[in-house]
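Below is one structure; the comments refer to it alone.
We did not get these values from a lab; they are worked out from the coordinates using the rules stated. Here the structure is a predicted model, which means the values were calculated and not measured. Reconstructed Cβ throughout: ideal geometry from the backbone, glycine too, with neighbour counts over all protein chains shown.
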Amino acid sequence: MKTGITLSTFPTQFGPIVFSDGDFYENLRIVKDLGYDGVDLFTHKLSRPEEERTIATLEALDLQAALLLPIWLTEGGSFLSDPDAVRRVAAVDRYKSQIEVAARMGANMPIGYSRGNQQEDESEQAYQDRLAESLKEISEFADSQGVSIFLEPINRYEINTFHRAEQALDFLDKYQLDSIRILLDMFHMNIEESSLEAAIERCGARIGQVHISDSNRLAPGGGHLDYDSIIEALADVGFDGFLSIEALPKPSALQCAGDGIEFLKNKLKSLELAAEN
Ligand code: LER
Ligand code: MN
């Protein structure tokens, strides 16, 4: 498994992102020095020169772009289930343009807030039909670009759809969105799942990436999640992707990032030792 961390290309309150002060290139260097393998990039609308500088810097530092999260789109009101057909089609086009950016960076793309909320006056079916139509187009385009799309279950206090892994899997099965995988976030899972390990087992090879924080959304080790058991469950299903720290930058971004990588490296090391014995 690889280690990643969340980082924004611009100063933002959107969160939690560990490094969100916008000192982007300096933060990339810090992340590299701490020993991370990659980054989840929360982006503003990157100009082509900014995109090229980002790719060159990542390459020079030998850091992988794990995820591209174009938060300027959700912040600008682009949602893939928008009830207004004109706005929805425009949102799909904008996300496709960002899939091209992700492809150039070698990154994958999550569907989190970008799916939008189910409307109060509509059925689940009506919401899902609209979202599935958008996701079909997005995932076919992403497949053609070599980008993977990950649907992220998010807790009920942040969005009103797909809170648990099983709900996300059922939706993907129902609409045969077979190439879309799951982004598991331990903070949301701790709120919504009756067993984190059972949900991990249920997703199995469908897990695309994992967001890591503790029960209180501090760096792992700062709360009461059982990370021995979680990492073992991920290893048991053969997960080999990114464990990315998406945590509150407390007491500081640097401390959170430093604590996070130390904790993850120790857990991964002890698991390897356990496997060897
Ligand atoms: C939001 O709570 C979250 O977990 C993010 O990954 C969504 O973009
Ligand atoms: Mn997350």
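Pairs of alpha-carbon atoms within less than 8 angstrom and 6+ residues apart define the contacts here; what relative contact order does the chain have, in percent?
Reported relative contact order: 19 percent.
What FRET efficiency would be calculated for the residue pair Gln255, Asn155, taking the C-beta separation as r and a Förster radius of 22 Å, to the nearest 0.05?
0.30
Using 0.36 nm per residue of separation minus the Cα-Cα distance, give me the extension gain between Asn216 and Ala90 in nm, one decimal.
Difference between extended and current length: 41.7 nm.
Any chance you could tell me what percent of the C-alpha pair distances in segment 2-276 go past 28 Å?
Pairs farther apart than 28 Å: 32 percent.
Label-point separation (nm) for Lys269 and Asn117, each offset 7 Å from Cα along Cα-to-Cβ?
Distance between label points: 4.6 nm.
With the crude spin-label approximation of a point 7 Å out along Cα→Cβ, what separation in nm comes out for Thr57 versus Gln176?
4.4 nm
Modelling each spin label as a point 7 Å along the Cα-to-Cβ direction, I'd like the Ser194/Ala126 distance in nm, to one decimal.
The two pseudo-label positions are separated by 3.2 nm.
Per-residue HN-Hα couplings for segment 62-75, Karplus 6.51 cos²θ - 1.76 cosθ + 1.60 at θ = phi - 60°, whole Hz, x for Gly and Pro?
6, 10, 8, 7, 7, 10, 10, 10, x, 5, 4, 6, 5, 5
Going by average Cβ density within 10 Å per residue, which order do the peptides 132-138, 11-17, 28-34 take, highest to lowest?
132-138, 28-34, 11-17
Which entries of Lys174/Lys265; Lys96/Lys250; Lys45/Lys136; Lys174/Lys269 have Cα-Cα distances beyond 29 Å here?
Lys174/Lys265; Lys96/Lys250; Lys174/Lys269
Ala107's amide H: which non-local residues (gap 5+, or another chain) put their own amide H closer than 5 Å, with H modeled 1.01 Å from N in plane and none for Pro or chain starts?
none
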